[in-house]
Amino acid sequence: MTPPSEHHGWRAYAEASPLGPTARWLLPLTSVVLTGLIFVADTITDYEIAAATFYVIVVLLASRFCGMRALLGVAGACIALTLLSYFLTHDGNFHTGIVNTAISILAISAVAWLAVRSGQAQARANVAQAQLARVTRITTLGGMGAAIAHEVNQPLAAIVANASACRRWLAASPPRLERIAATVGDIADDANRASAIIARVRSLMSNAAPRRQFADVNDTIRQAAALMEPQLRARSIDLHLLAGADIPEIMIDPVQIQQVMLNLLVNASEAIDHTRGEIAIETRLIQNRVVVTVADNGHGLTPQQLAAMFEPFHSTKEGGMGMGLAICRSIIEAHGGIIEADAREHGLVVTISLPLAHGGNG
Ligand SMILES: Nc1ncnc2c1ncn2[C@@H]1O[C@H](COP(=O)(O)OP(=O)(O)O)[C@@H](O)[C@H]1O
Ligand SMILES: [Mg+2]
């Protein structure tokens, strides 16, 4: 198992960027052009003009798409160019030139140091957040353990029954080969069903680093819903999925989005304390966003509770951790999306809107 990676640098920038592959090069290109302009300006102007201080902008831009080592390289290159300009410049007061060059080098170094420090802090925060998300994911799955075990047990029981039927048909004379052939197909289907459930649970438990890919939102939601189904069935809650047509694949981390859906479904089912429970998930394409709503007919919330529900550690449940929705919000916002909740006459509706990735699946 790999630990959550300290994502930073070009890969993290490229993954998080909603821009297409061409537009993504805009920032590096701007930095290079700016460096050239600053170098020319610094060289052709007098010693009195400290144009080299503008290299701090290049360092700040580079911190958006460079890893830490590359950032130090950029800062080093800026310092080298500052010194080169100093030797190439011949006009103005020589002593002012030395002081200005020293100030520029100090400014570049200070900004690079601060950028590296903030990059390190961000990387540590990312690791902590990924770990917290995993812990709560496992906690959620832990609560679903009995239902999942039941769900895996069903196909296994069917396999055992079918296998013993096959043994009887084999022993018959003549052996009933056509029935055996059909039943072996059922056995394979049941085995695949059980292993698909286990695979879904494993992917949610895994310690893999967050990973964005183009994925179908409807499929992703279906997989989370499939995991919740036994638990909802046990409580006679009907789950409807109205999957919008023509929703293009978007850049998401499917495991994280499943986690969001699981949290919302668990909350919805916990809010339902009567026998006619219903949860409706709907996905739609609205302008350039994929909008997912999860509506339940549970006890709903007062306006004050509604305002606080996304706050970390806010829970109205006995033994509730109050982290579910806070994590949902951080995941959705990391995807450039918005999550909000509204009370209805009976129950609550949570709306998620995710931007479509631009620039195709390059
Ligand atoms: N579907 C819902 N219906 C009513 N209240 C809800 C719903 N979802 C969340 N809440 C409220 O928001 C609070 C915070 O939810 P969450 O962050 O998942 O923490 P927890 O489930 O551990 O309490 C819940 O305690 C509950 O009061
Ligand atoms: Mg919850």
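The values are calculated or read from the model by the stated rules, or taken from the named source; none is laboratory data. Since the structure is predicted, the reported quantities are computational estimates derived from the model, not experimental observations. Note: ideal-geometry Cβ built from the backbone for every residue, glycine included; neighbour counts use all protein chains shown. Heavy atoms of the whole protein, side chains included, go into the accessibility calculation; ligands, DNA and RNA do not. Shrake-Rupley method; radii C 1.70, N 1.55, O 1.52, S 1.80 Å.
Quick look at the values:
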read-out: Sparse-neighbour loop sites [trypsin sites (Lys or Arg not before Pro); the stretch 303-362; at most 13 other C-beta within 10 Å; DSSP]; value: K317, R344
read-out: Per-peptide average of other Cβ atoms within 10 Å, ordering 330-338, 248-256 highest first; value: 248-256, 330-338
read-out: Whole-percent carbon and sulfur share, accessible surface of the stretch 168-285, 1.4 Å; value: 52 percent
read-out: Cα lying deepest toward the dipole's positive end in the chain, options V127, G322, N162, charges on Cβ; value: N162
read-out: Rg/Rh (Cα only; Kirkwood hydrodynamic radius) as it applies to the stretch 156-266; value: 1.14
read-out: Of all DSSP beta bridges in the stretch 212-362, antiparallel share, percent nearest 5; value: 85 percent
read-out: Counting DSSP beta bridges with both ends in the chain, the antiparallel % (nearest 5); value: 85 percent
read-out: 222 nm mean residue ellipticity, helices alone, for the chain (DSSP H n ≥ 4; -39,500 (n - 2.57); rounded to 500); value: -21000 deg cm²/dmol
read-out: Euclidean distance between Cα centres, the stretch 76-139 to the stretch 202-268, Å; value: 41 Å
read-out: Computed E for L285/F94 - FRET, C-beta separation, R0 51 angstrom, nearest 0.05; value: 0.20
read-out: Rounded to whole Å, sorted largest first: equivalent-ellipsoid semi-axes of the stretch 229-362, Cα gyration tensor; value: 26, 18, 13
read-out: Solvent exposure of the stretch 160-207 as accessible area per residue, Å², 1.4 Å probe; value: 65 Å²
read-out: Charged-residue dipole, Cβ positions (Lys, Arg, Asp, Glu), the chain about Cα centre, Debye nearest 20; value: 1060 debye
read-out: Gain in span if fully extended, Q305 to L156, counting 0.36 nm per residue against the direct Cα distance; value: 49.3 nm
read-out: Average accessible surface area per residue within the stretch 212-362, 1.4 Å rolling probe, Å²; value: 48 Å²
read-out: Pairwise Cα inverse-distance average, inverted: Kirkwood Rh of the stretch 186-243 (Å); value: 13.4 Å
read-out: Trypsin sites (Lys or Arg not before Pro) restricted to DSSP loop in the stretch 88-138 with at most 11 other C-beta within 10 Å; value: none
